[in-house]
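Structure, as structure tokens:
The values are calculated or read from the model by the stated rules, or taken from the named source; none is laboratory data. Here the structure is a predicted model, which is why all the values come from computation and not from measurement. Cβ placement follows ideal geometry from the backbone for every residue including glycine, while neighbour counts extend to all protein chains displayed. The protein model used for the area step is the full one, side chains on, heavy atoms only, and it has no ligands, DNA or RNA in it. Shrake-Rupley method; radii C 1.70, N 1.55, O 1.52, S 1.80 Å.
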Amino acid sequence: MQRKVALITGASRGIGAATAVCAAQQGWNVVLSYQHNHAAAHRVVQAVEHHGGQALAVQADMADEAQLMALFAAVDAHFGQLDALVNNAGVVDVAQKVADYSVARLERMFRINTIGAFVCAREAVRRMSTAHGGRGGAIVNVSSIAARLGAPGQYVDYAAAKGALDVMTLGLAKEVAAEGIRVNAVRPGLIATDIHASGGQPDRVQRLAPHVPMQRGGSAHEVAQAIVWLMSDASPYTTGSLLDISGGNL
Ligand code: NAP
């Protein structure tokens, strides 16, 4: 059977990398994007190939529309098909109160986490929608439980950017439901990845784990399994869903 093709943004590390490997194990070929870390992206390519999939890594900044257009052009040129998009790339900033935010901080947050995801969704719809001559497909947005909780005193901007992604999930799901595309989101809680160190809190998972009802952080693999399920034909009637994966922290 021909392997389907998934584009996973920000898949050189963390949840995206785990999703690439999990997808390869379940029969997908993968295009993965990253920002800087070529060596890590190359390791994920090797892991996908180890599981029998084909993989292509493309550097593409989520904040730059021209680079995202080039990313999709690379998908077209290399595989000639697209069956799923995982809008996974995302960033946090250092903990700060809203009263201290600069416009530069807000623009970076929304450009990467929200506008970049919209551009990718647009390009995926243009390729997958039956109304555009496509064969249908799936979009999975990687939101955050912060969109429910608001992240006060930490990063309300990040929570708001992910809240916008949730609303995009609901609206786009209805917009393209009759065009063969399902659109869902996962909302991870406290997951052990590098993202916490990038926000200046390398010990965040250990520090906050006791406050999670399940009393632990989650793993990237535990999120990846849900993403790949939502991408796959195993969830044919699921669209417009926001799936919380947060150990009960709701
Ligand atoms: P991570 O470990 O920090 O990895 C981030 C990935 O995104 C890397 O592949 C990175 O590429 C890429 N990336 C960062 N900025 C980018 C940009 N401007 N353009 C393109 N790629 C970019 O993050 P993670 O924890 O796996 O997070 C993945 C997603 O899950 C994010 O959307 C995040 O908001 C969400 N999430 C995470 C948690 C958590 O606790 N970890 C909780 C809720 C939601 P390089 O390797 O090249 O830097």
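In what sequence, largest accessible area first, do 149, 208 appear using a 1.4 Å probe?
Working: 149 80, 208 50 Å².
Final ranking, largest accessible area leading: 149, 208.
Just to make sure I understand: if all protein chains stay in place, what is the order of 97, 4, 174, 162 by accessible area at 1.4 Å, largest first? Don't jump to the answer; show the numbers that get you there.
Numbers: 97 135, 4 75, 174 170, 162 5 Å².
Accessible-area ranking of 97, 4, 174, 162, largest first: 174, 97, 4, 162.
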Enumerate the amide H contacts of residue 245 below 5 Å, restricted to partners 5 or more residues apart or on another chain; note that Pro and chain-start residues carry no placed amide H. 187, 189
Could you pull out every residue, at least 5 positions away or on a different chain, whose amide H is within less than 5 Å of the one on residue 56? Hs are placed 1.01 Å off N in the peptide plane, and Pro or chain starts have none. 30, 31, 32
Would you work out the relative contact order for the chain, in percent, from Cα pairs under 8 angstrom that are 6 or more residues apart? 19
Sequence order, the range 151-160: Karplus ³J(HN,Hα) from phi using 6.51 cos²θ - 1.76 cosθ + 1.60, θ = phi - 60°, Hz rounded, Gly and Pro as x, gives 6, x, x, 10, 7, 4, 4, 4, 4, 5
What is the distance in Å between the Cα centres of the range 178-194 and the range 1-35? 14
Whole-Hz couplings from phi, Karplus 6.51/-1.76/1.60, listed for the range 235-246; x for Gly and Pro: 10, x, 10, 9, 8, x, 8, 10, 9, 7, 10, 9
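Ignoring ligands, DNA and RNA, what percent of the 1.4 Å accessible area of the chain is carbon and sulfur?
Working: 6060 of 11040 Å².
Carbon-and-sulfur percentage of accessible area, whole number: 55.
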Residue by residue through the range 36-52, which ³J(HN,Hα) values in whole Hz follow from phi under the Karplus form 6.51 cos²θ - 1.76 cosθ + 1.60 (θ = phi - 60°), with glycine and proline marked x? 10, 7, 4, 4, 5, 4, 5, 5, 5, 4, 5, 5, 4, 5, 4, 9, x
Quote the FRET efficiency, to the nearest 0.05, computed for residue 50 versus residue 234 with a Förster distance R0 of 25 Å and r equal to the Cβ-Cβ distance. 0.60
Amide proton proximity set for residue 85, modelled H, under 5 Å, gap of 5+: 7, 138, 139, 140
Rounded to one decimal in nm, the spacing of the 7 Å Cα→Cβ label points at residue 197 and residue 97 is 3.0
Run the numbers for residue 225 and residue 78: contour at 0.36 nm per residue of separation, minus the present Cα-Cα distance, in nm. 50.3 nm
Roughly how many Å is it from the Cα centre of the range 103-167 to that of the range 212-250, as a whole number? 17
Quick check: with the 1.4 Å probe, what order do 132, 42 take by accessible area, largest first? 132, 42
All alpha-carbon distances of the chain, grouped into 5 Å bins from 0, give the whole-percent distribution 1, 7, 14, 19, 21, 17, 12, 6, 2, 0, 0, 0
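Taking a probe of 1.4 Å, how large is the accessible area per residue of the range 4-245, in Å²?
Values: 10380 Å² over 242 residues.
Per-residue accessible area for the range 4-245 comes out at 43 Å².
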